[in-house]
Amino acid sequence: MPGRGVTQKQTTEKAIILERRMVTRHYRMAWDLERCVGCSVGPVACPKEAVIYVEGKIENGRLVRKPSIDIDPQKCVLCGICEIMCPENAVSLTINNERENPVLTYGAFAMLTQSISFDKTAFDWDRKELVIHNCPTNAISYDEENDTLIVDDARCIRCRQCEIASDSAFRVVQPWEGRVELHRDRCEAGCLACADICPTRALHISEEEQPNELVLADYYCIKCGACMQVCPIKPKYAYFETTAEAYGVTKTIMAKRLLNAGQLPILVERWRVKHEPVESAAWLEALRKMADDKAGMVEIDRKRALRRRGLLKALVGGGRFELEGIR
């Protein structure tokens with residue numbers, strides 16, 4: 001068979017596909033470029049440096065070509081790590097036409113702990129259209145037969161907009177704990193590119209108080225870092241060697257430390273990730289590269305009072321419910 005054992009690459013405007021045909025195994029890995037926001041996660045997590053960041057283009061402060069990624073087929077080993085770590089669910093891997101992830105199958109990497117649940121009995125059905133309309137990935141739909149809302153888990157990115165829109169009838173567990181900060185005074189004049197690339201409404205443009213005002217609703221942030229990547233004021237890092245040790249595995253890796261945090265308009269930090277137990281040097285290396293050294297920090301408190309009103313206003317059509325006094 002021509003090309004047996006060799007990774008073949010196909011690229012279109014909408015996807016990058018790698019295929020490797022073996023005697024008994026047919027690997028097919030696809031990156032959905034429409035879902036991809038060119039975040040920092042894939043290039044950082046890839047152990048072979050096969051995922052390459054592709055710059056976007058900004059004109060007059062707006063994003064005219066979004067950032068993306070490319071894949072080096074000579075380096076990619078079809079391990080599946082990027083599929084697990086992708087916050088946008090933009091990567092899929094099949095083996096013999098069945099979903100399978102090699103690093104999970106062989107216990108070489110951890111499954112992230114994340115979930116979404118819906119309590120139909122606690123839901124105000126006047127909010128149905130608000131919830132469905134504000135899901136950024138169209139993952140939520142109405143099941144007429146069972147009179148309930150259902151979630152396509154393969155599309156859900158755990159942004160928590162449904163939590164606010166449903167007044168907590170939805171409950172979402174995000175895998176990453178961390179924080180995001182916006183310092184508008186440090187932005188380049190007129191730049192709104194971060195709002196253009198944000199896959200949730202964590203960064204959005206408000207027209208209510210001032211035209212083209214950039215607003216942060218940090219509760220919706222999924223810590224992908226796409227905003228930092230697209231920002232004209234780039235993060236600067238110092239690289240150093242460190243040792244990671246856990247579950248009896250020790251590995252010396254290169255890590256990085258942010259040098260110019262005080263100059264960045266937008267700052268995203270990942271402190272910890274919820275995951276299933278695993279003993280793996282590959283997992284330790286990915287985690288050390290992905291997470292900031294913030295042990296002891298805690299996740300955003302979902303009960304912070306300011307936020308419920310501000311977050312509801314951030315949703316499209318949410319102002320009506322705010323004015324009605326619904327929490």
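No lab work stands behind these numbers, since they all come straight from the coordinates. Please read these numbers as outputs of a predicted model, since none were measured by experiment. Every residue, glycine among them, receives a Cβ derived from its backbone with ideal geometry; neighbour counts consider all protein chains shown.
Percent relative contact order of the stretch 1-123, based on C-alpha pairs within less than 8 angstrom and at least six residues apart?
Answer for the stretch 1-123 is 22 percent.
Quick one: Cα centre-to-centre distance for the stretch 113-179 and the stretch 274-288, in angstrom?
Taking the Cα centre of the stretch 274-288 as reference, the centre of the stretch 113-179 is 29 Å away.
Given a cut-off of under 8 Å on Cα pairs at least six residues apart, what relative contact order in percent is computed for the chain?
Once normalised by length, the contact order is 17 percent.
Out of every Cα-Cα pair in the stretch 8-105, what percent are more than 19 Å apart?
Percent of Cα pairs beyond 19 Å in the stretch 8-105: 40.
About the Cα centre of the stretch 32-72, how large is the charge dipole given +1 on each Lys and Arg Cβ and -1 on each Asp and Glu Cβ? Please answer in debye to the nearest 20. It would help to have the intermediate numbers written out before the result.
Details: 6 positive and 7 negative charges, 39 e Å.
Result for the stretch 32-72 is approximately 180 debye, rounded to the nearest 20.
Suppose the chain between residue 281 and residue 128 were pulled fully straight at 0.36 nm per residue; how much longer would it get relative to their current alpha carbon spacing?
My answer for the length gained is 50.6 nm.
Assign one of three labels to the stretch 114-270, namely rounded, prolate or oblate, based on the Cα gyration tensor with a ≥ b ≥ c the square roots of its eigenvalues; rounded applies when a/c is under 1.5, prolate when it is not and a/b is larger than b/c, and oblate otherwise.
Oblate.
With +1 assigned to the C-beta of every Lys and Arg and -1 to the C-beta of every Asp and Glu, and no other charges, what is the dipole magnitude of the stretch 8-105 about the Cα centre in debye, to the nearest 20?
Here the stretch 8-105 has a charge dipole of around 160 debye.
How large is the dipole of the stretch 1-59 about the Cα centre if only Lys and Arg carry +1 and Asp and Glu carry -1, each at its Cβ, rounded to the nearest 20 debye?
Dipole size: approximately 480 debye.
Given labels modelled 7 Å from the Cα in the Cβ direction, how far is it in nm from residue 94 to residue 22?
Using points 7 Å along Cα→Cβ, the separation is 1.8 nm.
Compute the label zone of residue 171 within the stretch 258-292: residues whose backbone N is under 13 Å from the point 7 Å along Cα-to-Cβ.
Of the residues in the stretch 258-292, none has backbone N under 13 Å from the label point off residue 171.
Which of rounded, prolate or oblate describes the stretch 14-171 when judged by the alpha-carbon gyration tensor and an a/c cut-off of 1.5?
oblate
Would you mind ranking 166, 117 by Cβ crowding within 10 Å, fewest neighbours first?
117, 166
Could you identify which residue out of 91, 151, 230 has the top mean-square fluctuation in a GNM of the chain using Cα springs shorter than 10 Å?
It is 151.
What length, rounded to one decimal in nm, is gained on full extension from residue 55 through to residue 34, with 0.36 nm per residue of separation minus their alpha-carbon distance?
6.0 nm
With Cβ to Cβ distances under 9 Å as the rule, what net charge do the other residues near residue 223 carry (K, R +1; D, E -1)?
0
Express in nm, to one decimal, how much length is gained between residue 113 and residue 4 on full extension, taking 0.36 nm for each residue of separation and deducting their alpha carbon distance.
Gain in length upon complete extension: 35.6 nm.
Just want the ordering: 39, 86, from fewest to most Cβ atoms lying within 10 Å of their own Cβ.
Fewest-to-most ranking of 39, 86: 86, 39.
Using a Gaussian network model of the chain whose springs link C-alpha atoms within less than 10 Å, name the residue from 224, 135, 76 with the highest mean-square fluctuation.
It is 76.
Mind ranking 96-107, 169-180 by how tightly packed they are, going by the mean number of other C-beta atoms within 10 angstrom, highest first?
Numbers: 96-107: 13.4, 169-180: 20.1.
Going from most to least packed, we get 169-180, 96-107.
For a quick check, take a GNM of the chain with Cα springs below 10 Å and name the residue from 164, 69, 233 with the largest mean-square fluctuation.
Comparing 164, 69, 233 in the GNM, the peak value goes to 233.
Considering only the other residues whose Cβ falls under 11 Å of the Cβ of residue 72, what net charge follows from Lys and Arg at +1 and Asp and Glu at -1? If you can, show how the numbers build up before the last one.
Working: positive: 9, 48, 75; negative: 49, 70.
Charge balance near residue 72 sits at +1.
So what is the relative contact order of the stretch 137-211, in percent, for Cα pairs below 8 Å that sit 6 or more residues apart?
16 percent
If one takes the longest principal axis of the Cα atoms in the chain, at what angle in degrees, from 0 to 90 and to the nearest 10, does the Cα axis of helix 281-290 lie?
It is inclined by approximately 40 degrees.
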